[in-house]
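One structure below.
The values are calculated or read from the model by the stated rules, or taken from the named source; none is laboratory data. Keep in mind that what you see is a predicted model, and the values were worked out from it rather than measured. Virtual Cβ from ideal backbone geometry, glycine too; neighbours counted across all protein chains shown. All accessible areas refer to the heavy atoms of the entire protein, side chains included, with ligands and DNA or RNA removed. Shrake-Rupley method; radii C 1.70, N 1.55, O 1.52, S 1.80 Å.
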Amino acid sequence: MLAAPERRRAISGGALSLAGIVLFVGVAVLVLLAAGIESGGDTTLSDPYLLGVLRFTLLQAVLSTLLSVVLAIPVARALARQPRFPGRLWLLRLMAVPMGLPVLIGALGLLGIWGRQGLFNQALAALGLSQPVSIYGLAGILLAHVFFNMPLACRLMLAGLERVPAEYWLVAGGLGMRPASVFRFIEWPILRGLIPGIAGLIFMLCATSFTLVLILGGGPAATTLEVAIYQALRFDFDPGRAVMLSLLQIAVTLLILGAMTLFRAPDDHGLTSGRALHRIDGQGTTARWIDALLLSAATLFLGLPLASIVVTGLEANLLKLAGQPIFLQAAVTSLAIALAAGLLAVLISFAIIRARSVISADRRKTVSLCGLALTLSASSSLILLVPPIVLATGWFLALRPLGDPSRFAAILIVVINALMALPFVIRVVEPAYAIHVSRTERLAASLGLHGMARLRLIDWPGLRKPFFTALSFAMALSLGDLGAVALFGSDSLMTLPWLVYSKLGSYRTNDADGYALILGLVCLLLTIAGTAGQGTRDHESRGND
């Protein structure tokens, strides 16, 4: 029930946001296409190097997806069968950590356990095995991808298993079905419907993986498309090859997104509640022991790298590191970029959501408005189609005629990080906005509140919490990002992830561990600040129910 001028402003805001996104992404893609044509085919699809990179990108993505999904099935079953397993709720919380943890920090944690000097190789040496296990190359990439994606698959599968009607378990108990029969007739049909969507999502994440492959790739034989783009510009300065790799990356991403639309998207209801399940198939002694071993192994697999980050980080002289001028410079730059990117992502999200809400409420909307609403819905997916490193490459080439592209690096990183956060921010803000509008629209209309008065008295108090939650998530995402800054990072533009990576590259691992711990704590504080009070409110809500 907005006034006509407010409707026009809302729709105009959404249209301008959409135009800005399309312009930013479109310029990068057009420059890449033009550069590809101009290069005259110096680098073609028949180039053995390109084919090798493409083959490895798809191979590691397929294997990572397969391992993540297959390993998630028994862990999800064990969690579903053992609702009273000691520490089950903490394990579920632990599974949420890799999804919010900056990838760079997770990689350092994995090096602390599986690296040459890591805990695993030290244990092998203690047993008299002198040949260390190397985490670099395909094995390390697979291990890291499983660390980050197996918990995601597990949580989605567990949510599906916990939605099975209680009558199913009563019937299974009445029939005396053994665990194998329960899996065959009840669990597998549920998981079979979820696995294609989960596998598609994980495959997409692995095929566009950058930071993990950059750190653990270990050479040309283990390079993905995104890392090859970075190497072509950063080390070889071969724009023709970078353009061809970027176009290949866009084509691969487009094919993956197209294939994913064929699968039903898995329903993620967020953190599982940990409510008690009345299943009898997990009450036998053998089943309890098997489940306990599985859950303990999962806890160690996920928990040890995180513990390693804390332990190795504390071994560094944090006070000395925090007082270094380069750290202060990196911290100020990172926070400034993260705040700007977070605010931009939230403002664009609100503009898109508000425009879609106004259009959907219009009973006499025109075809053009319907088209605008659909385009706004798809706008946040553009960053999935054109990954950050490809955007950075396109703008790097576009700005070269104007001089040193690094002069524009801060602005580009802010915009790329904002676009990168857009899908997550919209997911946080949109449900809260819909509820707020349904509750306050008639009240605001009856009071005749419009414009700034409505914003100050109704909208801001109601939407303040999701605004800060979305802002904190977007800032944490930007703070931990290495993808956009990798192309432009230098001594004059030093961010915290780039500082950690630089220390790692110069073999100052102790400093890298210390800075990684500080970066992780900053991201954790941002997440806690953004979600403060939600647990209390949820608890009160459940209590009222």
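Quick notes on this structure:
- Most tightly packed first, judged by the mean number of other beta-carbon atoms within 10 Å of their residues, the peptides 7-13, 28-34 read 28-34, 7-13.
- Of the DSSP H helices in the chain, those whose Cα atoms cover at least 27 Å axially and whose Kyte score averages 0.5 or more: 4-38, 48-81, 138-162, 188-207, 239-260, 285-315, 325-361, 409-447, 460-479, 509-531
- Whole-number percent relative contact order across the chain, with pairs defined as alpha carbons under 8 Å at least 6 apart: 24 percent
- Ligands, DNA and RNA left out, the accessible area of the chain computed with a 1.4 Å probe is 67% carbon and sulfur.
- Candidate lysines for bridging to K503, where Cα separation is under 23 Å - those fewer than 8 sequence places away on the same chain excluded: K320
- Helical runs assigned H by DSSP (4 residues or longer) give the chain a calculated mean residue ellipticity at 222 nm of -25500 deg cm²/dmol, each run adding -39500 (n - 2.57) before division by the residue total.
- Packing, taken as the mean count of other beta carbons within 10 Å per residue, orders the peptides 351-359, 61-69, 172-180 from highest to lowest as 351-359, 61-69, 172-180.
- Residues A19 and D47, FRET efficiency given R0 of 45 Å [Cβ-Cβ distance, rounded to 0.05]: 0.80
- Extension gain for the segment Q117 to E38, taken as residue separation times 0.36 nm less the Cα-Cα distance, is 23.7 nm to one decimal.
- A cut-off of 5 Å between modelled amide H atoms, ignoring neighbours fewer than 5 places along the same chain, links I135 with R116.
- Between L319 and V133, the modelled label-to-label distance comes to 3.9 nm, taking each label 7 Å out from Cα in the direction of the beta carbon.
- Which of R407, R93, R279 is most accessible, then next, and so on - probe 1.4 Å: R407, R93, R279
- Measuring r between the beta carbons of T285 and A251 and using R0 = 60 Å, the FRET efficiency lands at 0.65.
- Using only side-chain charges placed at the Cβ, +1 for Lys and Arg and -1 for Asp and Glu, the dipole size of the chain relative to its Cα centre rounds to 1500 debye.
- Spin-label model, A445/K465: points 7 Å from Cα along the beta carbon direction are separated by 2.6 nm.
- Approximating the spin labels as points 7 Å out from Cα along Cα→Cβ, the A126-to-L343 distance works out to 5.2 nm.
- Theoretical gain in end-to-end length, T527 to L30 [0.36 nm per residue, Cα-Cα removed]: 175.2 nm
- Placing +1 on the Cβ of every Lys and Arg and -1 on the Cβ of every Asp and Glu, with nothing else charged, gives the range 140-251 a dipole about its Cα centre of roughly 240 debye.
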